[in-house]
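First the structure, in the form of structure tokens, and then the observations on it.
Rule-based calculations on the coordinates, nothing more; no lab input. Since the model is a prediction, treat every value here as computed from it, not as a measurement. Note that we place each Cβ from the backbone using ideal geometry, even for glycine, and neighbour counts take in every protein chain shown.
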Amino acid sequence: MKRLTIVLLALLCAVPTIAQNVLNDKADNIVGTYSGKQGAERFRAKIVKLADGTYQGQVIWLEHDKDANGNKILDTKNPDKSLRSRPADRIVLFSGLKYDAKKHQWHGTKIYDPQRGLRAQMTAVFTADGRLRIRGTLLGISEDVYWQPEG
């Protein structure tokens, strides 16, 4: 009986850890490289998990990253003037994204739209066909952009 009690106690202590690992696996499904299109611009972005457990998305490639003179296109519409000299193919789109296990979605931050120079409330969820739907909402108006996982 004493052994059974010890085994049951050990299992009960392990359940929260197992549950947390399952939750983290689901939350980490967003990590990876994606391709997408916004307007006429095709791009690739990479989502990584940060040390604090949140997620960050950054542009890693643009179809048109140079102007007519062959110069790198810069983030000239950024409201933060100190970031306007940053190459457009290295823009951080969002940081601090969190997973909500109850809603099965990521949220809790703003996404930056470099084409307009705006930041909007962000949610992300995987669609039935496996694409990542990124929704930006500003002043009650929403726009969806779909990212296709690569690899």
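Here are a few things to note about the model shown:
- Taken one residue at a time, the phi angles of the stretch 84-94 give Karplus couplings (6.51, -1.76, 1.60, θ = phi - 60°) of 6, 8, 6, x, 5, 8, 9, 6, 7, 7, 7 Hz. Gly and Pro are set to x.
- Applying 1/(1 + (r/R0)^6) with r as the Cβ-Cβ distance of Glu150 and Arg90 and R0 = 25 angstrom yields a FRET efficiency of 0.85.
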